[in-house]
1. Hey, residue 220 hits all of (1) in contact (Cβ under 8 Å) with a residue 24 or more places away in the chain; (2) more than 29 Å from residue 134 (Cβ to Cβ); (3) of a type in the set (D, E, K, R); (4) surrounded by fewer than 22 Cβ atoms within 10 Å (Cβ to Cβ) but one; which does it fall short on?
2. Going by the structure shown, is residue 284 modelled with pLDDT of 95 or more and surrounded by 19 or more Cβ atoms within 10 Å (Cβ to Cβ)?
3. Could you please let me know if residue 90 is assigned to a helix (DSSP H, G or I), assigned by TED's automatic domain parsing to the domain that holds residue 166 and closer than 28 Å to residue 130 by Cβ?
4. Return the residues of the stretch 95-120 that are touching a strand residue (DSSP E or B) at 6+ places or on another chain (Cβ under 8 Å) and either assigned to a loop (DSSP other than H, G, I, E, B) or on the phi > 0 side of the Ramachandran plot (or both); say none if nothing qualifies.
5. I'm told residue 356 meets every condition in (1) modelled with pLDDT of 95 or more; (2) of a type in the set (Ser, Thr, Tyr); (3) part of a loop (DSSP other than H, G, I, E, B); (4) under 26 Å from the mean Cα position of the chain (by Cα) except one. Can you identify the failing condition by its number?
6. How many residues does the stretch 258-281 hold that are outside any loop (DSSP other than H, G, I, E, B) and surrounded by fewer than 20 Cβ atoms within 10 Å (Cβ to Cβ)?
7. Check off (1) of a type outside the set (A, V, I, L, M, F, W, C); (2) at negative phi; (3) surrounded by fewer than 22 Cβ atoms within 10 Å (Cβ to Cβ) for residue 33 and give me the number that stays unchecked.
Amino acid sequence: MGVRPIPRVSAGRPGERDMKITVIGTGYVGLVSGTCLAEVGNDVLCLDLDAEKIRVLNAGGMPIHEPGLQEMVARNRAAGRLRFTTDGAEAVDHGLLQFIAVGTPPDEDGSADLQYVVAAARSIGRHMDGYRVIVDKSTVPVGTADTVRAAVAGELAARGLKTDFSVVSNPEFLKEGAAVEDFMRPDRIIVGAEEARAIELMRQLYAPFQRSHERLIVMDVRSAELTKYAANAMLATRISFMNELANLAERLGADIELVRQGIGSDPRIGYQFLYPGCGYGGSCFPKDVQALNRTARDAGGELRVLEAVEAANEFQKGVLGRKIAAEFGEDLSGRRFALWGLAFKPNTDDMREAPSRALAAGLLARGATLCVYDPAAMEEARRVFGAEPRLAYAESPMAALDGADALVIVTEWKEFRSPDFADMKRRLKTPRVFDGRNLYDPAQMRAGGFRYFAIGRG
C-alpha cells in the first residue's frame, strides 16, 4: 500500500502558514508551544477542561510565570491566530495536528501517570472525522505512542468509523524561565514517526524555526520517547555528581568552585550544569528520573547510576537544614530565619519539588519561624504552605531580614547577587548567611564580618 498524497499548506505571506493546530492542555508546555506556533502564523486552538484557566486566558491573564509569554499570547490573540476553548469536539475538529500536552505526574509507584494522556487520546478518537496527526508533546514513557494509538483506535471502532491517523512523538525541551526562547530558537527538534505523511507535515510545521540550518532529527517513535528521559536524566546526573563532589570538597578543605572551573574547561565536560547547590526540583528532573528508573525495572533491568542520582538529590535537599542545625542546634525554637527564593529555579513561580519546600518543612519541624521572599512565587507559596502561623511573607528581600538570626538563600534570582551587604548586616540579628547557591565570595563575606556557609567551599 503506497503512501497517501501529502496535504500541502499554503505559504501565505513570508513566514506565515495556514496549518491548523490544536493543543490539548494549557499548562506550561501546552501554552508555550501553542503560543509559539501561533507566533509564526499558524491557526492555533488551545483546549483545557479547566474552565477557570480558560476564562483567565481569554481575559488576558496568565496562569503561569514565564518571561515574554504574556505579551506573545496577547499579540496572537489580537491577531486571531490563538484561541482558547473548553469544547473538546471543537478542538478535535479544528486541527489537522493534535498536540497532547497534558500533565504526566508521578504515580504512587514512581511511574508516569498517563490517565490525562489517554483521556486526551480518547477524546480525539471520539470526535475526529478524518485524518489527524496526534503528537505526544508531554514527557511520556517509552511505549506511550502504542497506548495512544490503541486508545484512538478503540474509540474509532466503537463509532464504526475507519479513518487513518498517525501518532508522533515530539518531546519538548523547554527550560522554565527561558521557554519562549527555547521554542523559537531550538537546539534540536526531535520527531519520532514512521509514516512519511506525518513526517512531512512535521517538517512543514517546524520549517519556520530552523531557517538558518537543519535542526530536525527524525527517528523511530520509541527512540524519541526515550530521548527526552535520557536528556533530563543526564542533566540531573551532572547536578547530583557536583553536589556529591561539593560535599566531599568540604570534608577535604577544597573549593568546589575552583574544581568546577578546572573540570569545566575540558571541552568533553563543559561548564553547563556543573553548579553545586541545595538540590534540584521542578516538574521535570525529579519525576523523569523516577519514571526512567521505574521503566527500567518494568523492563527487567535497573539503572544503578540513576537510582544513586535520585538518592543523592533527596540527601542534598537537606544540606542547608543540616548546616543550620550544626550552627544553632537541633532545637530551633525561638529562632527566626529569612529565606530568599522559593521557586525551584529563577524566572519561574514553579515550586514543584522545590528545595525550599523541604527546607521550610525541616526548619518548622525544628521549631523555627520563617520570613520568606521570592520575586515571582509568593502567591504559589501561599497556596503551598497554607495558613502556617510561623511563616510570614516579606514585601522585599531586605524586609525579610529584619530580626532574623540568619539569611538562607535557596534560589539564585539575579536580584540576590549584589545586595547591600552593610544593610543586610544591620537588619540581621546575627550576621549569618547560609548560601545554597554559592552566590557570594566566601573570603569577601568573611572579611565583611559575616559567618558564611556555602556549598562545597570550605
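1. (2) is the only condition that residue 220 fails.
2. Here the answer is no, as residue 284 does not meet what is asked.
3. yes
4. 95, 96, 101, 102, 104, 105, 113
5. So the condition that residue 356 fails would be (3).
6. Looking only at that region, the number is 6.
7. In the conditions (1) of a type outside the set (A, V, I, L, M, F, W, C); (2) at negative phi; (3) surrounded by fewer than 22 Cβ atoms within 10 Å (Cβ to Cβ), residue 33 misses (3) alone.
Okay, residues lined up against (1) under 25 Å from residue 411 (Cβ atoms); (2) outside any loop (DSSP other than H, G, I, E, B); (3) not β-branched (Val, Ile, Thr):
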site	(1), (2), (3)
173	yes, no, yes
181	yes, yes, yes
190	no, yes, no
200	no, yes, yes
204	no, yes, yes
207	no, yes, yes
211	no, no, yes
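The values are calculated or read from the model by the stated rules, or taken from the named source; none is laboratory data. Remember, it's a predicted structure, so these values are computed and weren't measured experimentally. Reconstructed Cβ throughout: ideal geometry from the backbone, glycine too, with neighbour counts over all protein chains shown.
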